[in-house]
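The values are calculated or read from the model by the stated rules, or taken from the named source; none is laboratory data. All of these numbers come straight from a predicted model, not from anything done at the bench. A quick note on method: Cβ atoms are made from the backbone with ideal geometry, for glycine too, and the neighbour counts reach across all protein chains shown. For accessibility, only protein heavy atoms count, side chains too; no ligands or nucleic acids. Shrake-Rupley method; radii C 1.70, N 1.55, O 1.52, S 1.80 Å.
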Amino acid sequence: MFSQIIKDNQEKLKNLKLKKRNYSFEEEILELNKIVSFIGPRRVGKTYLMFQFIKELIDKNLYSIEQVVFIDFSIFAGDKVDPEDIIKSYYSLGNNKKPLLVFDEVQDIENFQKLVLQLYTQGYQIFISGSNSKLLSSELVTEFRGRVYEYFVNPLDFNEILHFKDIKKEKKYSSSTRGYIKSVFNDILKYGTFPELVISKNSMVKTELLKIYFDILFYKDLTERYSIENEKAIRYLIKRIILSNTKRLNLIKIYNNLQSQGIKIGKNTIYNYYEYLKNIFFVEDINNFYKKTSNKYLYNFGFGTLFGYIDNLGQNFENLIYLNLKTKYNKVFYKEDENEIDFYLPDTDTNIQVCFHLDETNIDREVKPLLK
């Protein structure tokens, strides 16, 4: 059943050319016998990063292409898969060395936990990816804990974007290159930093990609996975999250607004919807350093453009800074007491203020909290 899929994907891997992302594979993971989990939003580049690591392992002669068993489980969504079928299919191709099992969107099949655990206990090295927090070690069944090494795959940072755009890093750029870099920067502020959006040069294609991303997120990850029937309420919540990106979200106010529109929904349901949106990596909270409040940021702030919020560039800029900070620091807070600081990094005791347009009308307001 799987032999043709395995063979086809091995051929694909042979001819695949990649631009390296700023991640490196720790070889000792192979010695530690860990399941390697790649988690993050859909279309953020989890499969791409898995392929990058596979190629690195092949280049170091730790595995051969013939040992790679890559299966995209999204085509078997909702099915039960027998792990023995996978192993038998691999050995039917005439291979006698242990395979490297690479399972993409593995959470889409019904029995993914049992499948992975069974193959793991048989001694196979396994890479898994998914777009749902079920694959976070804190959410996995007890048997997995301590056995998973996680790579959280973030959207591209700006250095990666320059690399994907074939812009070499230099001490000093020409005027034309500086102009091009600025246009790339303005473009990502509008459409976001997911790889396909960065690579595409056509604004219509970018908009269509955002629409596809949103439809998959809305129908597959939300309404289908969580059996949501109140589409009006969840759509309204999503729009409010996008519109008030980088700020605090008042779910009670959203509940009251829905009631005033005649949309019946319980308060607990609104809170559940918000948790679902965090589970699928649509939105993330960061906490106030001083008290129990939080601001929220989007993994794909380009959704604002899709919904017509084209004046959100300042918020998108702050969101972009956050996405870069979270890749480099263990903890990122904001501070809000008498004054507000956009980001605080306790690891380095650093306060960061973000401002898209700085001039004489707002410089005092932005600098005063830093001085204090």
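Side notes on the structure shown:
- Of the accessible area of the chain, computed with a 1.4 Å probe over protein heavy atoms only, carbon and sulfur atoms account for 48 percent.
- Probe 1.4 Å, protein heavy atoms only - accessible area per residue of the stretch 1-72 in square angstrom: 49 Å²
- Acute angle (nearest 10 degrees) that the helix 231-243 long axis makes with the longest principal axis of the chain, alpha-carbon atoms: 60 degrees
- Residue range of the chain that is longest and free of GluC sites (Glu not before Pro) which are both DSSP loop and sparsely packed (at most 10 other C-beta within 10 Å): 1-169
- Judged by the ratio a/c of the largest to the smallest principal axis of the C-alpha gyration tensor, the stretch 139-239 counts as oblate, that ratio being 1.5 or greater while a/b is no larger than b/c.
- Rounded to the nearest whole Hz, the Karplus-based 3J(HN,Hα) values (6.51 cos²θ - 1.76 cosθ + 1.60, θ = phi - 60°) of the stretch 150-160 follow the sequence 9, 10, 8, 9, 8, x, 4, 8, 5, 4, 5, with x at glycine and proline.
- Helix axis angle, 3-14 relative to the chain longest principal axis, alpha carbon, degrees: 60 degrees
- The stretch 1-126, relative contact order [Cα under 8 Å, separation at least 6], %: 33 percent
- DSSP-defined beta bridges in the chain - what % are antiparallel, rounded to 5: 35 percent
- Accessible area expressed per residue, the stretch 78-218, with surrounding protein chains retained (probe 1.4 Å, Å²): 50 Å²
- Whole-Hz couplings from phi, Karplus 6.51/-1.76/1.60, listed for the stretch 273-285; x for Gly and Pro: 4, 5, 5, 4, 5, 6, 4, 9, 6, 8, 9, 9, 8
- Between amide H atoms placed 1.01 Å from N, distances below 5 Å from Ser37 occur with Ile128, Tyr149, Glu150, Tyr151, all of them 5 or more places distant or on a separate chain.
- Rounded to the nearest 20 debye, the dipole size of the chain about its Cα centre is 580 debye, using +1 on the Cβ of Lys and Arg and -1 on the Cβ of Asp and Glu.
- Nearest 10 degrees, 0 to 90: helix 175-191 Cα axis against the chain principal axis: 90 degrees
- For Gln259, net neighbour charge (Lys/Arg +1, Asp/Glu -1) across residues whose Cβ lies under 12 Å away: +3
- The chain: relative contact order in percent, alpha carbon pairs under 8 Å with at least 6 residues between: 15 percent
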